[in-house]
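Just below is one structure, and these are the notes that go with it.
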Amino acid sequence: MSTSIGIDLGTTYSCVIHRGRDGAETVVETADGGELTPSAVYFGSGGHALVGEEAKRMLIRDPENVVTGIKRQMGRDFPLEFHGQRYTPEAISGIILRHLATDASQALSVPLSDLAAVITVPAYFGVAEKEATYAAAEIAGLRCLELLAEPVAAAYAYGLSDGPDVTSLVFDLGGGTFDVAVVGMYRGAPRVWAVDGETRLGGIDWDRRVQDLLWEQVDKLPNAEDLRYDEEVMGAVESASERIKRQLTGRGSVTERIRFHGQTIELRVARQAFEEASRDLVVRCLDTVARVRETATSLKAPTVGQVLLVGGSTRMPMIRDVLGARLDLPVRLTHPDKAVARGAAMVAEQLTTATSGSGRRDVRPGQPGDVTRITPVLPRSIGILIHSSQEPWREDPYVLHFVPANTPLPIDRREHVVATMVNGQERARIQLYEQGGAVPSQEPADNRILLEGEIVGIPPRPAGSPLSLYVSVDLDGRITVESAEGKARTKLEVEAFIHGVLDDAELAEQRQVVGGLTLDR
C-alpha cells in the first residue's frame, strides 16, 4: 500500500504533510528542523546541487547559480543553464520535488517509490502550468495522485468539506501567486462557486518593494555606484528583504546592517513607508476579490459570510486590516503556512485508502480520514479560434469561448461544431485558446494559445459538412480533445499538442539530467 503525502509546492516555500488513517498528521521537517523548505535550488560544480535553506544562503555567496521562484515560469519556454547543462522549469521544480520526497521518505521510513502525492497548484494555473507540474513530478520520480487547487486544499484544512454553514471567501496570497475562491454549499454538497487570481502576484513582489526602499537609501551614499553593482551587496539586499518584511509584521521599523569591504552600512525601513510602497499591490488584490464576488453573485452563490486567510503573506497587517475594513466580514487566520499542505494530505490519504479485492475503494464512513470532496471549477474560459474564412462577414479572426470559466469540474465532452470548407476536405486545423486576462476577450492577443493541431481522416463530404469537436477537462484541469462527424458520430483522429508542454523526448532528457544530479544534504 502506498504512503500518502500532501505537498504544497510553493513559489518561495514548500511544505509536506502526511496524514494517517486515524487523522494524525506528521509535518515533514527539514534538515534544520523547520517545517517549511525554501523553494530554492543551488547548482554547484561537478553535478552537485543543494535545495532549501542551504541553497537560499548561497544567494549571498554565489547568486548566479541560485534559482528561486521557478514556479512562476511553469508552462513557459524558460530554460536556464548552469555549468554547461540546460534545465527547464519542469526539471528545476522536479529537483525540489525530489528533495521534498526524499525528506518524506526518511521521516516516514518508507521507500521513495512507495510515496504517492497530491500536489497543489494555484487555482488560476492554466492547462500548460498544470501539465508542467505533472512533468516535474515525473522527472522527480514521484507518483502524483492528483493536482489540487491551493484554495480548495485550504478549504479542506478549514473544514469546509464537512458541510459549512457559511459561505467563505478563501484569500490565498502565497509567495509568488494569488488566488481567491468562493466556497460554499450547493444542493447539500460543498463546491467552489468562483475562482480568480494572478499567477504573478505574491509575497516576493512585496519583498521587491522592500528592496526598492533599501536601494533608495543606498543611492544616497557616497559610494552608491560601487554598492549598486557589488554582487555580495545585491545578494544581501535580496536576502534581507524577506526578513525585513516578516519583522515589519510586528514592528514599526527595522534596521538592517550590510557588510561591504569591511564596513557596515545601516539601512532602515519603516512599516508606514513599506505599506505606502505596496499600496498598488493591495489594490490588485482587492480588485480580484471584487471580481470573484461579482462572479459568484452572478452564479447565484450564497452570500459570503467570512474570509479565510491562506499563505504566509497574509500575516502582513496591511492585508488583514484592509480586508476587514473593506469587506466588513470576520477574518480567520489559522496556520496559513501549512493549511494548503494539510488539505492536500487529507485528500491524498483518502485517495490511497486500501482497496478491496475487487479494486474498489473501501470507504469507511465516519473515520477521520474520510472527507467529502469539494467540487472545483475551471479557472479560465476555453475557446476556439474562428477564422474569417469560416465567417466571411468578419474581417479578423476571433476566439469563441464555448467552455466558460467557473464551470464545475469534471467537464465531459463539451461540444463545438465546426464545418469543412471545401469538398472532400480530409483535414481540419484547430486552435484552442485559454482566457489570458481577468475577463474573457474575443481578441486572440488577449488569450493564450492552448492547443494546436488537426482533425484528420475526414471522409469525403461536401463543403459545409459539420464536424463535432469535444473538449473534456478532468478534476485536475487536464484537457482531452476528441472529434466525430456525421449522424453516426463516427470518431475521428485528432493530432494535436499542448503549447508550453515538454514532448516525450524533452521529458526523457530532463529526467536523465536530474537523475544524474547529486543532491547534497
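What follows is calculated from the coordinates using simple rules that are stated; it is not laboratory data. Small disclaimer: the values here were computed from a predicted structure and weren't measured. Cβ sites come from the backbone with ideal geometry, for glycine too, and all protein chains shown count toward neighbours.
So if I place +1 on the C-beta of Lys and Arg and -1 on the C-beta of Asp and Glu, and nothing else carries charge, what would the dipole magnitude of the chain be about its Cα centre? I want it in debye, nearest 20.
1380
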Extension gain from residue 387 to residue 503, taking 0.36 nm per residue of separation minus the Cα-Cα distance: 39.0 nm
³J(HN,Hα) computed for each position of segment 289-298 - Karplus, 6.51 cos²θ - 1.76 cosθ + 1.60, integer Hz, glycine/proline x: 4, 4, 5, 5, 5, 5, 5, 4, 5, 5
Dipole magnitude of segment 163-333, debye to nearest 20 (Cβ charges: Lys/Arg +1, Asp/Glu -1, about Cα centre): 820
Helix-only CD estimate at 222 nm, as mean residue ellipticity for the chain, using -39500 (n - 2.57) per DSSP H run (n ≥ 4): -9000 deg cm²/dmol
Distant-in-sequence amide H partners of residue 115 (H built 1.01 Å from N, under 5 Å): 3
Rounded Å value of the spacing that divides the Cα centres of segment 237-282 and segment 462-512: 50
Cβ-placed point charges (K, R +1; D, E -1), dipole of segment 382-488 about Cα centre in debye, nearest 20: 280
Candidate lysines - alpha carbon under 30 Å from residue 56, same-chain residues fewer than 8 apart omitted: 71, 130, 220, 245, 338
Nearest 10 degrees, 0 to 90: helix 203-218 Cα axis against the chain principal axis: 40
Nonlocal amide H pairs with residue 14, under 5 Å, H built at 1.01 Å: 37, 39
Cα gyration tensor shape for segment 428-476, rounded if a/c is under 1.5, else prolate or oblate: prolate
Cα radius of gyration and Dmax for segment 110-258 (Å): 20.9, 68
For segment 111-122, Karplus couplings with θ = phi - 60° (6.51, -1.76, 1.60), whole Hz, Gly/Pro x: x, 4, 5, 8, 7, 9, 10, 9, 10, 8, 9, x
For the chain, with +1 on Lys and Arg beta carbons and -1 on Asp and Glu, the positive-most of 375, 435, 471 along the dipole: 375
Vicinal HN-Hα couplings computed from phi for segment 423-434 (Karplus, 6.51 cos²θ - 1.76 cosθ + 1.60; Hz; Gly/Pro x): 5, x, 4, 9, 9, 9, 6, 10, 9, 9, 10, 10
Tensor-based shape of segment 374-494 (alpha-carbon gyration tensor, a/c under 1.5 rounded, otherwise prolate or oblate): oblate
Positive-pole candidate from 262, 302, 319, dipole of segment 163-333, charges at beta carbon: 302
Charge dipole (the chain, unit charges on Cβ, about Cα centre) - positive-most of 132, 344, 211: 344
Amide H contacts of residue 186 (H built 1.01 Å from N, under 5 Å, at least 5 apart or other chain): 191
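For a protection proxy built on the mean count of beta-carbon atoms within 10 angstrom, sort 449-457, 201-209 highest first, please. Each step should come with its number before you reach the end.
Values: 449-457: 18.7, 201-209: 22.6.
The most tightly packed comes first, giving 201-209, 449-457.
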